1. Just need a number here: residues in the stretch 139-164 that are under 25 Å from Glu208 (Cβ atoms) and within 14 Å of ligand 1 (Cβ to nearest atom).
2. Would it be correct to say that Thr56 is out of contact with any Leu (no Cβ under 8 Å at 6 or more places or on another chain), surrounded by 10 or more Cβ atoms within 10 Å (Cβ to Cβ) and either outside the structural domain of Arg110 (by TED's automatic domain parsing) or of a type outside the set (Lys, Arg) (or both)?
3. Would you check if Glu43 is at pLDDT below 90, more than 30 Å from Thr175 (Cβ to Cβ) and either surrounded by 11 or more Cβ atoms within 10 Å (Cβ to Cβ) or not small (Gly, Ala, Ser) (or both)?
4. What are the residues in the stretch 381-395 that are assigned to a strand (DSSP E or B) and either of a type in the set (Ser, Thr, Tyr) or touching a Phe, Trp or Tyr at 6+ places or on another chain (Cβ under 6 Å) (or both), if any?
5. Among all residue pairs at least 6 apart or on different chains, which show Cβ distances below 9 Å where the first residue, located in the stretch 220-233, is closer than 16 Å to Tyr178 by Cα and part of a strand (DSSP E or B) and the second is among the charged types (D, E, K, R) and modelled with pLDDT of 95 or more?
6. Can you tell which of Ile326, Ile313 is within 12 Å of ligand 2 (Cβ to nearest atom) and more than 23 Å from Gln83 (Cα to Cα)?
7. Considering only residues that are over 22 Å from Glu43 (Cα atoms) and part of a strand (DSSP E or B), which ones fall in the stretch 67-96?
8. Being surrounded by fewer than 21 Cβ atoms within 10 Å (Cβ to Cβ) and within 9 Å of ligand 2 (Cβ to nearest atom) is the filter; apply it to the stretch 341-380 and report the residue that is nearest to Glu294 (Cα to Cα).
Amino acid sequence: MKVYGFLKDVLGANRVTSARRKLIESGSPENIYKDHIKEVANELHPKATHVVVVKTEDVSPTARRFTFEACEGDKLPPFQAGQYCSLDLQIGETITTRPYSISSAPFEARTGEHPFFQLTVRNGKPDTGFASNWLYANVKEGDTFTAHLPFGEFYYEPLRDAKNVVALAGGSGITPFYSMAKEIEYGTLDMNLTILYGSVSTKDIILEKQLKAIKSDRVKFVNVISGEEDYAGEKGFLSRDIIKKYSKEDTTYFVCGPLPMYHFVRGELDALNVPARRIRMEVFGAPRDVTSAEGYPKDFEPKKFRLTVLRGIQEDVIEADSREPIMVALERAGIKNNSRCRSGACGFCRTELKEGDVFVAPEGDGRRRADRQFGYIHACSTWPLSDCTIRIPIL
Ligand SMILES: Cc1cc2nc3c(=O)[nH]c(=O)nc-3n(C[C@H](O)[C@H](O)[C@H](O)COP(=O)(O)OP(=O)(O)OC[C@H]3O[C@@H](n4cnc5c(N)ncnc54)[C@H](O)[C@@H]3O)c2cc1C
Ligand code: FES
């Protein structure tokens, strides 16, 4: 550094300081640099969208469809037919979330005077259901929700999937296929869709009237009924014979429904030698009865454990039932944690397991290999087998 002499250097520094002060005073507290990439990302994937229920209607004796529009100031993000939305719910003391496939066409959320999307919720069994039963019984026009969408990879991708798609649906698993069928009807999805919809009884068929009203020769809808001997159409389960009958030479299979159906259909597709790249699966939630999941320790008696939850410097000890995922234990104790899919797939509920034995259901193990190795779990698809200690983020 060049030295000009003490006085010159001090005066020079003063000049720089006053110029700097002037610059700071003339500045604006607003950030003038726009991050356009971030803006686009936020529009495509907002952290949350506030929505209002504008219509409720029954679409079967046990299922209700809710139509949502964005609340003032919010905008519905674009999504693909087959993706899902996660709703934040407060039910009594419990703060929870539930994922629902969007059952309307993406086209309807991006056009028209009142863009909307729909969710169709099936009333669960009174003894086992919780959030869906609550929604079914309580939601009315004008109610507002915080929704997170879109999520999931259960959508048609022309570069990967065959032009002919056979959808194998069970129960409320029909909802993503109705969205696809509508999008085809609007002419904005280029594929041929045959929906094979397995139900025990004709009373269980959801969205039947709406599916039959679709005007497109690219959409075919077939009910397969297992519990009515005198049913005039296809009878039995979604067996290999029925699947074969409705398949073309090159077909991609989309499977959506409860776990037992998922296992059965997977076996039938394997028996037909369908390559794995032609099978797309969406599981509707973690197993209801974990004790019957593959690999669950034999003769393990149901038990309550101590779950130590670390958040920053806070430590809480709560109760965890061996029959419920760790996520439910947190929710029952009023401890907030992130969740979206609740089936082990999305990774939002990634949690550090510091101590303890747990069971992870194989079909809900969507963890990265490194996470498996270094003791991370997805709380929504992990059940305690001993006292445990976990660390979760502070929310
Ligand atoms: C991607 C995806 C899409 C889906 N799409 C649809 C759809 O379109 N339509 C549809 O109907 N379903 C859909 N589902 C399933 C849906 O998310 C629900 O899991 C299902 O409807 C059953 O909900 P439930 O709340 O009745 O039961 P569960 O979600 O199984 O909840 C019951 C569990 O809640 C817990 N619980 C009970 N009481 C409490 C309490 N007080 N506090 C905290 N926890 C408690 C218990 O562990 C109980 O076993 C989808 C699931 C996924 C993963
Ligand atoms: S909520 Fe998606 S993995 Fe747990």
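The values are calculated or read from the model by the stated rules, or taken from the named source; none is laboratory data. Quantities reported herein were computed from a predicted structural model and do not represent experimental measurements. All Cβ positions, even for glycine, are placed from backbone atoms using ideal geometry, and neighbour counts span all protein chains on display.
1. Kept after step one, since they are under 25 Å from Glu208 (Cβ atoms), are these residues of the stretch 139-164: 139-141, 152, 154-156, 164.
Next, only the ones that are within 14 Å of ligand 1 (Cβ to nearest atom) stay: 139, 152, 154-155.
Here the count works out to 4.
2. In short, yes.
3. No; evaluated as a whole, the condition is false for this residue.
4. The answer is Thr382, Trp383, Pro384, Thr389.
5. Matching pairs, first to second residue: Phe221/Glu208; Phe221/Lys212; Val222/Glu234; Asn223/Glu208; Asn223/Glu234.
6. Testing whether each residue is within 12 Å of ligand 2 (Cβ to nearest atom) and more than 23 Å from Gln83 (Cα to Cα) leaves just Ile326.
7. Once the filter is applied, which keeps residues that are over 22 Å from Glu43 (Cα atoms) and part of a strand (DSSP E or B), the stretch 67-96 yields Leu89, Gln90, Ile91, Thr94, Ile95, Thr96.
8. Restricting to residues being surrounded by fewer than 21 Cβ atoms within 10 Å (Cβ to Cβ) and within 9 Å of ligand 2 (Cβ to nearest atom), the top hit is Gly366.
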